[in-house]
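See structure below.
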Amino acid sequence: MKTKARQPFRSLPAVVVGLAVIAVTGLAGYLYSAAEKRSFHTETSNQLTAIADMKVRELVAWREERLGDAKVIQFNPFTHRAVRETLDNGRDRGDIEKWMGLLMEAYQYTAASLWDRDYRRRVWLPADDPARDAQHELIIQAMRAKTPVLGDLHRDEPTGAVHIALAIPLMGSSSSEPIGALLLKIDPERFLYPLIQSWPTPSRSAETLLVRREGNDVVFLDRKSVV
């Protein structure tokens, strides 16, 4: 009696089909995962771009507001009479100090100083506010340009305090040249840093950095790296 030879490869098509199903399932999972990753990256990129644009608009608005305040001070004829008297004759110093104190209180400036046409600091508040070479250079720049100049973040030594200086040339009504200049110091901790660091959506890892381009280099202007 003859016996039929076994056919070990009879089940091969079923194995192939099974492997094909596994391969297709794996490929579908991979493609789905890849699509999800692309969607997540695109959504995240779009969100970061939108937040960056919003931060830029907020910083520009803050800067324009500071320069707008400076324009009001620059061409105010009433205070300029007292400024001229103080710088030319030494009179009305008390009124000038009161005016500077009001500016500091109203606009949250940390210091104010009045400079004459020869770029010398004549009146300043608070009394222990030190004169800096960077302030002197900013005053010269503003008076020569006849327009307010907002300086960069600067760190004082040896205190390590960071501030921004706003130099305002004071224009007299009877002359095209400045009669003097006012320098106001801004503490970035009061508004600028909180504005930069605030994040519109919940995040445990979000961070905003303020930078400036200098040639091919990037200079970080956050509170730790200011020079």
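Contact map, region 74-88: residues that are free of Cβ contacts under 8 Å to residues at least 24 places away in the same chain and closer than 16 Å to Val123 by Cβ paired with residues that are among the acidic types (Asp, Glu) and outside any helix (DSSP H, G or I), Cβ distance under 8 Å, separation 6+ or inter-chain. Pairs shown: Ala82/Asp92; Glu85/Asp92. Residues that are within 22 Å of Ile164 (Cα to Cα), hydrophobic (A, V, I, L, M, F, W, C) and touching a Pro at 6+ places or on another chain (Cβ under 8 Å) do occur in region 62-72, at least one of them.
The set of residues from region 112-144 being in a helix (DSSP H, G or I), open to solvent by less than 40 Å² (accessible area, probe 1.4 Å) and not aliphatic (A, V, I, L, M) comprises just one member, Gln135. Per the conditions (1) outside any strand (DSSP E or B); (2) at pLDDT below 90; (3) open to solvent by less than 60 Å² (accessible area, probe 1.4 Å); (4) over 18 Å from Asp69 (Cβ atoms), the sole criterion not satisfied by Asp152 is (3). With respect to Ala82, determine if the residue is out of contact with any strand residue (DSSP E or B) (no Cβ under 9 Å at 6 or more places or on another chain) and open to solvent by less than 50 Å² (accessible area, probe 1.4 Å). Yes. Checked against (1) modelled with pLDDT of 95 or more; (2) surrounded by fewer than 16 Cβ atoms within 10 Å (Cβ to Cβ), Ala167 meets all criteria but (2).
Name the single residue that is most open to solvent (accessible area, probe 1.4 Å) among those in region 101-111 being farther than 15 Å from Val83 by Cβ and among the aliphatic types (A, V, I, L, M). Once the filter is applied, the top-ranked residue is Ala106.
The values are calculated or read from the model by the stated rules, or taken from the named source; none is laboratory data. What you see is a predicted model; the values in this text were computed from it and never measured. Positions of Cβ are generated from backbone atoms using ideal geometry, with glycine treated the same way; all protein chains shown enter the neighbour counts. Heads up: the accessible areas ignore ligands, DNA and RNA and are worked out on the full protein's heavy atoms, side chains in. Shrake-Rupley method; radii C 1.70, N 1.55, O 1.52, S 1.80 Å.
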